[in-house]
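Reading through the structure tokens given below for one structure.
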Amino acid sequence: MPTTSDPSRREPEDALDVPSGTQALVLSPSLESPLSRVPVEAFDNMLVVSTTRSPQKVEQLIRERGGDPNTVGLVPVSGSPVDYDGPLWTTSVVHPNDLSGIYERFDRGMNHVKPGEGWVVFDNVNVLLMYAERPSVGNFLDSVATNVRRRNASGAYALVRDAVAEGTHDRFVDIFDVELDERDHGEPTR
């Protein structure tokens, strides 16, 4: 993958390879955000659904990678109030047990994702499993991935593989076009 000539935009050596329209289940280490692995140009038009990081932390990670937070939208998913007044476009906070509310905010944010150029990053689907049943989370993810695919945008959905049962993983992997095992920064498995 070519690197950018702007030194403030740091391209990871092992950036995620998710072509337009492809939806990838990204098996991640528990503390790593897929935002640290997306290609730098992904920040030019991105929607993030964050279940693990505050808007301030998302903004910081984007800036550290050389991205412009003004071109990134955020759906904050949290059980606590979120107070943020920064450059990220954000929806109101939504509780992780409210899959309909998360989808509504995500769907609104999709209006800003450019077809064939934009990215959607879901930083951790495991959190939803703590608040909702596996079939409901699976249906939710299927709807999200279908919407992003229809928009011909790239999608990266982080799952901490070691924290879910085999059946849960098997259900989720069938939703996506490819699985990227990034626990050891490996190659696609499908």
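Read the figures in this text as sums done on the coordinates, not as results from a lab. A quick note: this is a predicted structure, and the numbers were derived from the prediction, not measured. Cβ sites come from the backbone with ideal geometry, for glycine too, and all protein chains shown count toward neighbours.
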Counting only helical runs of four or more DSSP H residues, what would the 222 nm mean residue ellipticity of the chain come to if each run contributes -39,500 (n - 2.57) and the total is spread over all its residues?
-8000 deg cm²/dmol
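Normalised radius of gyration for segment 24-136, please: alpha carbon Rg relative to 2.2 N^0.38 Å, two decimal places.
Relative to the 2.2 N^0.38 Å estimate, segment 24-136 comes out at 1.00.
With loop defined by DSSP as not H, G, I, E or B, and exposure as at most 14 other Cβ atoms within 10 Å, which is the longest segment of the chain clear of exposed GluC sites (Glu not before Pro)? Before the final figure, lay out the partial values.
On the way: sites that count: GLU13, GLU133.
Segment 14-132 is the longest.
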For the chain, what is the Kirkwood estimate of the hydrodynamic radius, computed as the reciprocal of the mean inverse distance between distinct Cα atoms, to one decimal in Å?
16.4 Å
Could you give the length gained on full extension between ASP142 and ALA163, defined as 0.36 nm per residue of separation minus the Cα-Cα distance, in nm?
5.5 nm
Mean Cβ neighbour count within 10 Å, used as a protection proxy, ranking 76-89, 142-155 highest first
142-155, 76-89
Largest-first ellipsoid semi-axes for segment 81-127, taking √(5λ) over the Cα gyration tensor eigenvalues, angstrom:
19, 15, 11
Grab the Cα-Cα distance for ASP14 and ASP68, subtract it from 0.36 nm times how many residues apart they are, and report the gain in nm with one decimal.
17.4 nm
Based on alpha-carbon atoms only, what is the radius of gyration of segment 120-190 relative to the globular estimate 2.2 N^0.38 Å?
1.06
Indicate, rounded to the nearest 5 percent, the antiparallel portion of the DSSP beta bridges found entirely in the chain.
5 percent
Evaluate the Debye formula for segment 82-176 with equal point scatterers sitting on the alpha carbons, no solvent, and hand back log10 of I(q)/I(0) at q = 0.19, 0.24 Å⁻¹, in q order, two decimals.
-0.98, -1.39
